[in-house]
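The values are calculated or read from the model by the stated rules, or taken from the named source; none is laboratory data. Keep in mind the model is a prediction, meaning the values are calculated, not measured. Every residue, glycine among them, receives a Cβ derived from its backbone with ideal geometry; neighbour counts consider all protein chains shown. Note: areas computed on protein heavy atoms with side chains; ligands, DNA, RNA excluded. Shrake-Rupley method; radii C 1.70, N 1.55, O 1.52, S 1.80 Å.
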Amino acid sequence: MKCPKCPGSYMILETWPGVELERCPTCQGLFLDAGELERMLSAAVASRVDVPVFTPLAKEHDLVTGTCHRCQALMEPVLGPRHTRLDRCPGCGGVFLDQGELSEMRKG
C-alpha cells in the first residue's frame, strides 16, 4: 500500500507485540488501523517504534493532506493526545502519524 503522504513510497508492514502497523521507508510515518493508536500508546514497545526527533520532512508533511491507503478517502487533521496534530481517515478510522508524533503523544 502507498504512503498517504509520499507518492511513490510503499508502506512496510511491521509487527510489534499487541499491534501491527505500516511504516513509510521514506518519511518514517506510521499508519495504524482504527483502535490501534490507543493500544500503541499504552504498549511498552511504543517508545521503540517511533523515531522521536522531528525531521524537516516530518515537519513539512505535518501540513500535507494525506490520502488513506486503505479506502482512498482524504484524511482529516485531528488533535490527538497532548494536542498533537495527526491525520485520521473519516472512512475507515485509520490514523497516520508523521515521524515523531507517537513520541510526542507519549511524553509525560
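Expressed in nm to one decimal, what extension gain is obtained for the pair E60 and E14 from 0.36 nm per residue of sequence separation less their Cα-Cα distance?
In short, 14.1 nm is gained.
Helix-only estimate, please: 222 nm mean residue ellipticity of the chain, summing -39500 (n - 2.57) across DSSP H runs of length 4 or more and dividing by its residues, to the nearest 500.
Taking each H run of at least 4 residues, the total per residue is -4500 deg cm²/dmol.
Within the set of other residues whose C-beta is less than 13 Å from the C-beta of S42, count the net charge using Lys and Arg as +1 and Asp and Glu as -1.
0
Summing +1 for each Lys or Arg and -1 for each Asp or Glu, what net charge is found among the other residues whose Cβ lies under 10 Å from the Cβ of M1?
Value of the local net charge: +1.
Put +1 on the Cβ of every Lys and Arg and -1 on every Asp and Glu Cβ in the chain; which of L30, V78, M105 then has its Cα farthest towards the positive end of the dipole?
M105
Only one of the values [x] 17.8; [y] 8.6; [z] 5.9 was calculated from this structure for mean projected area of the Cα convex hull in nm²; name its label.
Correct label, based on the coordinates given: [z].
Taking R0 as 30 Å, what's the FRET efficiency between R82 and K2 from their Cβ-Cβ distance, rounded to 0.05?
The calculated FRET efficiency here is 0.60.
What's the carbon and sulfur percent of the chain's accessible surface, probe 1.4 angstrom, rounded to a whole number?
Reported share for carbon and sulfur atoms: 58 percent.
Pairs of Cα atoms under 8 Å, at least six residues apart: use those to get the relative contact order of the chain, whole percent.
Taking the mean separation of contacting Cα pairs over the length of the chain, I get 28 percent.
Let me check I've understood the local charge: for E60, count other residues with C-beta under 15 angstrom from its C-beta, Lys and Arg +1, Asp and Glu -1. What total comes out?
Once all neighbours under 15 Å are counted, the net charge is -1.
Mind checking the per residue accessible area of the chain for me, 1.4 Å probe, whole number of Å²?
With all protein chains present, the chain gives 51 Å² per residue.
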